[in-house]
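Input: a single structure, listed below in structure tokens.
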Amino acid sequence: MTNGISAQKQSFFLKDLKLRLKRFIGKNLHVEFECNGCCKRAIGGVLTIVGDDFIELTGTITIVTLVPGFPHPIKKNATTILIPLARVCSIELV
């Protein structure tokens, strides 16, 4: 998220994102996020916490990881995941 964005704008964006996300607590979301050069997607989690710099999804969550150079995505199941807000690429309400 720091691609050409000043620290002040990034701080404003994250503050605004946190305020908007609080409206979706208790709802099912799909969250796409970046992690060490890979693209990950948390599918089917319920937003339970919006922290200062993270969100928490709980429930039956499928985590799909797209690794450059691998022909197929890697899938895992989880019951809880914490995602840093600065790594979030997109959020879908389902």
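Please treat every number below as a calculation from the coordinates, not as lab data. These numbers were taken from a predicted model, which means no experiment stands behind them. Here the Cβ is made from the backbone with ideal geometry for all residues, glycine too, and neighbour counts use every protein chain on show.
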Express in nm, to one decimal, how much length is gained between residue 39 and residue 70 on full extension, taking 0.36 nm for each residue of separation and deducting their alpha carbon distance. 9.9 nm
Once you have a ≥ b ≥ c as the square roots of the Cα gyration tensor eigenvalues for segment 1-54, tell me rounded if a/c is under 1.5, and otherwise prolate or oblate according to whether a/b is larger than b/c. oblate
Go through 87-94, 56-63 and give me the packing order, highest mean Cβ count within 10 Å leading. 56-63, 87-94
Could you calculate the contour length gain from residue 25 to residue 6, that is, 0.36 nm times the residue separation minus the distance between their Cα atoms, to one decimal place in nm? 4.0 nm
For the chain, what is the convex hull volume of the alpha-carbon atoms per residue, in Å³? 92 Å³
Karplus-derived 3J(HN,Hα), 6.51/-1.76/1.60, for each residue of segment 21-28, Hz, glycine and proline x: 5, 4, 5, 9, 4, x, 9, 7
With the 8 Å Cα cutoff and a minimum separation of six or more residues, segment 1-50 has a relative contact order in percent of 32 percent
Name the lysines eligible as straight-distance cross-link partners of residue 18: C-alpha to C-alpha under 26 Å, and not fewer than 8 places from it in the same chain. 9, 27, 40
What distance in nm lies between label points placed 7 Å from Cα along the C-beta direction at residue 46 and residue 89? 2.8 nm
Using 0.36 nm times the number of residues separating residue 14 and residue 60, minus their current alpha carbon distance, what extension gain do you get? 13.9 nm
